[in-house]
Amino acid sequence: TVTFNADGAKIEGNVFINADYLRLQNVKINGNVTVNDVASNNVTFDKVAVKQSVVIEDGYSSSFTFTFAANNSTIPQLYVKRNNALVNTDQKITAIVIEGDADDVALNTKVGKVTIAAGMYPTITGYATIDEIIVERGADVDLRVNGTLAKLHVIHEDSTVYSNRNLLISDVLIPRGAEYRNIIANYSIVDGYIMSIQRPGSTGNLLGTG
């Protein structure tokens, strides 16, 4: 591991990471941080405050897991474009956007909002507490993540979501006119782990109408 300790310095601008096994410590960054595609192995933040966003670019190889870890760090927004990415943080991330070729992402963290805009068959694993997941495009989404999800928002009627019994979902918002059993593909298995399903403009719980 290569450690860069900035001793509390402030960087006015963007930072680009091209090294493997890098540990970045004690720094404030008033711009974006980009983990470039040539950084194929783990990156760790320790007491790093990022003002804008962190971007994990797609890598040359996605046959093994790339771990992004953050300890005592502030990350307002994280863009994950790399397949087989693992995100480990001990502080809540405001927003995570999963896009590009990132079809398999593990989240071990607390998140405000997760936007899924990746591929046709994205899979989310890990152990997480999530305020909201937005399925932004038509896709088959596999939510294998364990934990709690306050709101699942599925935008497109041609999307399908597979959940699991280790994920408790408080509320699901489905497209107007969509049937929830078509959206939640394995609803018969996870029906006791979804508290409410609604359509836009409605306050009624569809689970109360069958």
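Of the residues making up the range 163-203, those that are in contact with a Lys or Arg (Cβ under 9 Å, 6 or more places away or on another chain) and within 18 Å of Asp131 (Cα to Cα) are Ser163, Asn164, Asn166, Leu167, Ile169, Ser170, Asp171, Val172, Leu173, Ile174, Tyr193. Every test in (1) in contact with a Gly (Cβ under 9 Å, 6 or more places away or on another chain); (2) part of a strand (DSSP E or B) is passed by Asp158 save one, and that test is (2). Figure legend. Inter-residue proximity from the range 181-210: first residues over 25 Å from Asn146 (Cβ atoms) and open to solvent by 50 Å² or more (accessible area, probe 1.4 Å), second residues assigned to a loop (DSSP other than H, G, I, E, B) and basic (Lys, Arg), beta-carbon distance below 8 Å, spacing 6+ or different chains. Indicated pairs: Arg199/Arg176; Gly201/Arg176.
The set of residues in the range 77-91 being free of Cβ contacts under 8 Å to residues at least 24 places away in the same chain and assigned to a loop (DSSP other than H, G, I, E, B) consists of Asn84, Asp90, Gln91.
Against the list (1) farther than 17 Å from Ile98 by Cα; (2) open to solvent by 20 Å² or more (accessible area, probe 1.4 Å); (3) not in a strand (DSSP E or B), the condition Asp7 fails is (3).
For the range 82-100, a tally of residues being closer than 20 Å to Leu22 by Cα, at pLDDT 95 or above and among the charged types (D, E, K, R) returns 1. Of the residues in the range 26-41, none is modelled with pLDDT under 95 and basic (Lys, Arg).
Looking across the range 134-155 at every residue that is within 12 Å of Pro122 (Cβ to Cβ) and not in a strand (DSSP E or B), the one that is most open to solvent (accessible area, probe 1.4 Å) is identified as Arg144. Taking the criterion of being over 21 Å from Asp171 (Cα atoms) and of a type outside the set (Ser, Thr, Tyr), the residues of the range 99-121 that qualify are Glu99, Gly100, Asp101, Ala102, Asp103, Asp104, Val105, Ala106, Asn108, Ala118, Gly119, Met120. For residues that are of a type outside the set (Val, Ile, Thr) and within 23 Å of Glu99 (Cβ to Cβ), tally how many sit in the range 23-58. Of the residues in the range 23-58, 14 are of a type outside the set (Val, Ile, Thr) and within 23 Å of Glu99 (Cβ to Cβ). One residue stands out among those in the range 21-50 that are closer than 16 Å to Gln77 by Cα and not in a strand (DSSP E or B): the one that is least open to solvent (accessible area, probe 1.4 Å), which is Gly31. With respect to Asp90, is the statement that it is out of contact with any Phe, Trp or Tyr (no Cβ under 9 Å at 6 or more places or on another chain), more than 20 Å from Glu136 (Cα to Cα) and open to solvent by 20 Å² or more (accessible area, probe 1.4 Å) true? Taking the combined requirement at face value, the residue satisfies it. Taking the condition in contact (Cβ under 8 Å) with a residue 12 or more places away in the chain, at positive phi and surrounded by fewer than 21 Cβ atoms within 10 Å (Cβ to Cβ), does Asn108 pass? So Asn108 does not fit the description; no.
The values are calculated or read from the model by the stated rules, or taken from the named source; none is laboratory data. In this text the structure is predicted, and so the values were computed from the model without any measurement. Note that we place each Cβ from the backbone using ideal geometry, even for glycine, and neighbour counts take in every protein chain shown. Areas reflect the complete protein model, heavy atoms only, side chains present, ligands, DNA and RNA absent. Shrake-Rupley method; radii C 1.70, N 1.55, O 1.52, S 1.80 Å.
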